[in-house]
1. For the range 75-87, does any single residue satisfy the condition of being part of a strand (DSSP E or B), over 23 Å from Arg19 (Cα atoms) and β-branched (Val, Ile, Thr)?
2. In the range 99-112, how many residues are at pLDDT 80 or above and surrounded by fewer than 19 Cβ atoms within 10 Å (Cβ to Cβ)?
3. Residue by residue through the range 51-60, note down the ones that are out of contact with any strand residue (DSSP E or B) (no Cβ under 9 Å at 6 or more places or on another chain) and either surrounded by fewer than 12 Cβ atoms within 10 Å (Cβ to Cβ) or under 23 Å from Asn16 (Cβ atoms) (or both).
Amino acid sequence: MYLRNRSKSVVGIGTNDVRKSAGTPEYTRWVAMLYRCYSDYTQEDQPTYKGCSVVEPWHLLSNFSSWMNDQDYAGKSLDKDLLGCTFVYSPENCCFISQRLNNLIGPRGLIIPMTAKRASDFEACLENETDKRVIEAVKRRYLGGIP
């Protein structure tokens, strides 16, 4: 990757400082993340992203790309809800998880489908070992149920 002389702004926040990045997995996920946090249109359409932000180093595509290339991201979704603060995209809060597991997560953390009697009821649906480790960690932090 090569730095551009003229960087292009994304949603008035992000700087694309990587040459020939359009269409790459890194660029696609970076733009989507910025739009979720800073686009009025996206936030109107998906209000759960209101109040979300991206750490300043990730405003540069090169920094986000560097982090992403150290992750197991192929075929997975960027998630900020499992590891920590659910409002800030950062290296500490983000990971890549399968789309199936991502569908179980809401704006406040893990959601177990109402038809499941216990967390293990949906483990058979998980696609890989990473998802299973995440669910096991969540089960250990279980604080109670909804009456």
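The values are calculated or read from the model by the stated rules, or taken from the named source; none is laboratory data. Quick caveat: nothing in here was measured; it's all calculated off a predicted structure. Positions of Cβ are backbone-derived with ideal geometry, glycine not excepted, and every protein chain shown enters the neighbour counts.
1. Within the range 75-87 (the criterion being part of a strand (DSSP E or B), over 23 Å from Arg19 (Cα atoms) and β-branched (Val, Ile, Thr)), the answer is no, since none of the residues qualifies.
2. The qualifying residues number 3.
3. Glu56, Pro57
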